[in-house]
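S.K.: Right, I'll just put the structure down here and ask away after.
Derivation of every value follows stated rules applied to the coordinates shown; laboratory data play no part. Treat the numbers as computed from the prediction; the structure is a model and nothing was measured. All Cβ positions, glycine included, derive from the backbone under ideal geometry; neighbour counts span all protein chains shown.
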Amino acid sequence: MNVVVFGAVLTNPLTFVTDISLALICATLVARLRAVSLGQPYRFSLWFFVLLGASTAIGGIAHLLSWYLGPGAHYLAWLINGLSVFVAEIGATSLVRRREVQRGLLVLAAIRYLLFAYLVLRSGRFLWVGLHAAFGFIVVISTIHIVHSLRSRDRTYLVAPLASFIMLIPAATHALNVHLGPTIDRNVVSHLLLVPAFYLLARAFGREHPPMDYSFTPPAERPPTSRF
């Protein structure tokens, strides 16, 4: 659906609105994660939402101004989205105890991202974005969290797998072109279905870096506890 405003052709305006809404949600989650960072300024879980928010914002602009920007803006958004998945995988490896396994997972994740970038630029298909994210979250991140949950007997680490599987719902609706008319297209539907998964991921990623032991620290000097 196109809208002409002062002579400018704007495409998919509702997709743009939902993309920007997702970017704002990511910014909110970044602020909340920073507030509970427990003295750890460089958290991959935080940078996941930074990159994801940037990706959705650029994607929204690419949809709105597709007549003027061409496919290049979409490719940029997709590459940043893939990078956010790569960063999320790095964060998940903090739960892996064996250093050699950590290094192996990081090397494989880096190789897979480079392959993903090549396929996106070569084919220009969004399919690779979905496959890259699905493998990263379902196979890598969910497996790490499930293993850690079984090892630590802490069921809260199962939130990440739950969020990952919930993300399959909007992926499926997008792939099947589920829409509610010409205005509410498959992009809008999938964006709306992603919202609960974002909040669950924030809760899950907030547990990837175990908090320091502040039991002997005066209460006034302790950092705020997690609100997730």
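S.K.: What order, most packed first, do the peptides 175-188, 130-143 have when packing is the mean number of other Cβ atoms within 10 Å of each residue? Walk me through the numbers on the way to the answer.
M.R.: On the way: 175-188: 13.9, 130-143: 18.9.
Order by mean packing, descending: 130-143, 175-188.
S.K.: Turning to a different aspect of this structure: With a cut-off of at most 13 other beta carbons within 10 Å, and DSSP calling the residue loop, which trypsin sites (Lys or Arg not before Pro) in the range 136-184 qualify? Please list them. Kindly include the intermediate steps, with their values, before the conclusion.
M.R.: Details: sites: R151, R153, R155; in loops: R153.
In loop regions of the range 136-184 (DSSP not H, G, I, E or B), the sparsely surrounded trypsin sites (Lys or Arg not before Pro) are R153.
S.K.: For Y68 and R155 in the same chain, what is the full-extension length gain: residue separation times 0.36 nm, less their Cα-Cα distance, in nm?
M.R.: Values: separation 87, 0.36 × 87 = 31.32 nm, distance 4.88 nm.
Result: 26.4 nm gained on full extension.
S.K.: Working out 0.36 nm times the residue gap between T183 and Y199, then minus their Cα-Cα distance, what length gain in nm do you get to one decimal? Don't jump to the answer; show the numbers that get you there.
M.R.: Numbers: separation 16, 0.36 × 16 = 5.76 nm, distance 2.63 nm.
My answer for the length gained is 3.1 nm.
S.K.: Oh, and also: Nearest 0.05, what FRET efficiency do L168 and T28 give at R0 = 30 Å with Cβ-Cβ as r? Spell out each step's value before the answer.
M.R.: Working: r = 24 Å, r/R0 = 0.80.
Approximately 0.80, to the nearest 0.05.
S.K.: Could you calculate the FRET efficiency of V139 with V9 from 1/(1 + (r/R0)^6), where r is the beta carbon distance between them and R0 is 25 Å, rounded to 0.05?
M.R.: Working: r = 41 Å, r/R0 = 1.64.
Efficiency computed from Cβ-Cβ geometry: 0.05.
S.K.: How much net charge surrounds M1 when only other residues with a Cβ under 14 Å from its Cβ are counted (Lys, Arg +1; Asp, Glu -1)? Don't jump to the answer; show the numbers that get you there.
M.R.: Numbers: positive: R186; negative: D185.
Result for the local shell: 0.
S.K.: What is the extension gain from I146 to Y118, computed as 0.36 nm multiplied by their sequence separation minus the C-alpha to C-alpha distance, in nm to one decimal? Provide the component values of the computation, followed by the final result.
M.R.: Working: separation 28, 0.36 × 28 = 10.08 nm, distance 3.08 nm.
Taking 0.36 nm per residue and subtracting the Cα distance, the gain is 7.0 nm.
S.K.: Right, another one. Can you compute 3J(HN,Hα) from phi for each residue in the range 102-118, using the Karplus curve 6.51 cos²θ - 1.76 cosθ + 1.60 with θ = phi - 60°, rounded to whole Hz and x for Gly and Pro?
M.R.: Using θ = phi - 60°, the values come out as 4, 4, x, 5, 5, 5, 5, 5, 5, 4, 5, 5, 4, 5, 4, 4, 4 Hz.
S.K.: Then there is this: For P(r) over Cα pairs in 10 Å bins from 0, in percent, pick the label among (i) 8, 30, 34, 18, 7, 2, 0; (ii) 7, 28, 30, 18, 8, 5, 3, 1, 0; (iii) 7, 26, 29, 21, 11, 5, 1, 0 that corresponds to the value derived from the coordinates.
M.R.: Looking at P(r) over Cα pairs in 10 Å bins from 0, in percent for this model, the match is (i).
S.K.: What percent does the relative contact order of the chain come to when contacts are Cα pairs within less than 8 Å and at least six residues apart? Don't skip to the answer; put the middle values down first.
M.R.: Values: 298 pairs, mean separation 50.1, N = 228.
Reported relative contact order: 22 percent.
S.K.: Might you report the magnitude of the Cβ-based charge dipole of the chain about its Cα centre, with Lys and Arg at +1 and Asp and Glu at -1, to the nearest 20 debye? Numbers along the way, then the final one.
M.R.: Values: 18 positive and 8 negative charges, 118 e Å.
Using Cβ point charges on Lys, Arg, Asp and Glu, the chain gives about 560 debye.
S.K.: Report the local net charge at L108: Lys and Arg +1, Asp and Glu -1, summed over other residues whose C-beta lies under 13 Å from its C-beta. Walk me through the numbers on the way to the answer.
M.R.: Values: positive: R103, R112; negative: E89, E100.
Result for the neighbourhood of L108: 0.
S.K.: When you count, for each residue, the other Cβ atoms within 10 Å and take the mean per peptide, how do 26-35, 114-123, 96-105 rank with the highest first? Please list the in-between numbers first.
M.R.: Values: 26-35: 17.3, 114-123: 14.8, 96-105: 12.2.
The packing order, highest mean first, is 26-35, 114-123, 96-105.
S.K.: Please name whichever of A204, A171, Y68 sits farthest to the positive end of the charge dipole of the chain, dipole taken about the Cα centre and charges placed at Cβ: Lys and Arg +1, Asp and Glu -1.
M.R.: Going by the charge dipole, the pick is A204.
S.K.: Taking the highest mean first, how do the peptides 166-174, 66-74, 83-91 order by number of other beta carbon atoms within 10 angstrom per residue? Could the numbers behind the result be given before it?
M.R.: Values: 166-174: 17.7, 66-74: 14.1, 83-91: 22.4.
Ranked by mean Cβ neighbours within 10 Å, highest first: 83-91, 166-174, 66-74.
S.K.: If you take every residue apart from C26 with its C-beta less than 15 Å away from the C-beta of C26, what net charge results, scoring Lys and Arg +1 and Asp and Glu -1?
M.R.: +3
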